[in-house]
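A.B. asks: Before I ask anything, let me first share the structure, which is written out below as structure tokens.
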């Protein structure tokens with residue numbers, strides 16, 4: 001760690017500790033009064049500090065933002081006491097619908113139903129309530145159906161920096177997400 005950035009790194013750590021949500025470098029810079037270059041260097045210092053074995057914390061990157069969180073390896077021990085209720089409330093059907101939306105977005109309700117083979121109204125309503133998906137626009141076809149995509153809450157819940165960080169699907173899994181009659 002660069003000695004001349006110890007106080008700046010400590011300040012950034014305090015900012016991240018006090019914030020309950022992910023912050024991007026611009027927000028951290030504004031809150032701390034430090035330049036973005038100093039913020040970037042301080043975040044690198046924190047990443048190095050937290051990567052040590054004796055640290056129970058890590059920097060989590062989600063949707064272009066960063067926050068301090070427990071290391072994933074300790075989460076099983078902590079989730080009973082500190083876990084989000086939101087995680088426990090997602091049923092298998094909701095997870096299936098959410099995964100279809102995540103991998104196929106933007107996607108309409110009827111396209112989701114064609115893949116799942118059952119009505120998706122209740123699951124879409126539930127996922128909208130939990131703010132895991134949102135309406136992203138209207139499809140340019142007759143009836144102009146709503147299209148859905150995932151939200152920043154989705155990224156936070158699954159600790160992803162972006163949709164590109166979703167696990168890659170195998171060929172057989174990819175086939176499941178294709179609509180009948182499409183190549």
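Any read-out appearing in this document is the output of simple, stated calculations on the displayed coordinates, not a laboratory observation. Small disclaimer: the values here were computed from a predicted structure and weren't measured. So basically every Cβ, Gly included, is an ideal-geometry build from the backbone, and we count neighbours across all protein chains shown.
A.B. asks: Using alpha-carbon positions, what is the distance between the centroids of the stretch 156-175 and the stretch 86-151, in Å?
C.D. replies: 16
A.B. asks: Round to the nearest 10 and give me the degree value, 0 to 90, for the angle of helix 36-51's Cα axis relative to the longest principal axis of the chain.
C.D. replies: 90
A.B. asks: Give me 150, 97, 26, 80 ranked fewest to most by other Cβ atoms within 10 Å of their Cβ, as a rough exposure proxy.
C.D. replies: Ascending number of Cβ neighbours within 10 Å: 80, 26, 150, 97.
A.B. asks: Over all alpha-carbon pairs in the stretch 85-176, figure out the percentage whose distance exceeds 18 Å.
C.D. replies: In whole percent, the share of Cα-Cα pairs in the stretch 85-176 beyond 18 Å is 43.
A.B. asks: Can I ask one more? Between residue 92 and residue 18, 0.36 nm times their residue separation minus their Cα-Cα distance comes to what?
C.D. replies: 23.2 nm
A.B. asks: Compute the relative contact order of the stretch 1-139 as a whole-number percentage, counting only Cα pairs closer than 8 Å that sit 6 or more residues apart in sequence.
C.D. replies: It rounds to 17 percent for the stretch 1-139.
A.B. asks: From the helices alone, meaning DSSP H stretches of at least four residues, give me the mean residue ellipticity at 222 nm for the chain, per-run term -39500 (n - 2.57), in deg cm²/dmol to the nearest 500.
C.D. replies: Using -39500 (n - 2.57) per qualifying helix, the result is -14000 deg cm²/dmol.
A.B. asks: Which of 82, 103, 74 has the fewest other C-beta atoms within 10 Å, and how do the rest follow up to the most?
C.D. replies: The order, fewest Cβ neighbours first, is 82, 74, 103.
A.B. asks: Based on other C-beta atoms within 10 Å, arrange 58, 129, 171 from fewest to most.
C.D. replies: With the sparsest Cβ surroundings first, the list reads 171, 129, 58.
A.B. asks: Explain nothing, just the number: relative contact order of the stretch 85-176, from Cα pairs under 8 Å at least 6 residues apart, as a whole percent.
C.D. replies: 26
A.B. asks: Test of understanding: in a Gaussian network model of the chain with alpha carbons linked when under 10 Å, which of 77, 122, 45 would top the mean-square fluctuation ranking?
C.D. replies: Sorting by GNM fluctuation, first place goes to 77.
A.B. asks: As an exercise, use a Förster radius of 30 Å and the Cβ-Cβ distance of residue 35 and residue 75 to find the FRET efficiency, rounded to the nearest 0.05.
C.D. replies: 0.35
A.B. asks: Relative to the first principal axis of the alpha-carbon coordinates of the chain, what is the inclination of helix 92-104, with its axis defined by its Cα atoms, in degrees from 0 to 90 and to the nearest 10?
C.D. replies: Once rounded, one gets 80 degrees.
A.B. asks: Would you mind calculating the relative contact order of the stretch 3-81 from Cα pairs under 8 angstrom and at least 6 residues apart, reporting the percent as a whole number?
C.D. replies: Contact order relative to length: 30 percent.
A.B. asks: Extent of the stretch 3-81 along each principal axis, from alpha carbon coordinates, in Å, largest to smallest?
C.D. replies: Computed over the stretch 3-81, the largest-to-smallest principal extents equal 38, 26, 18 Å.
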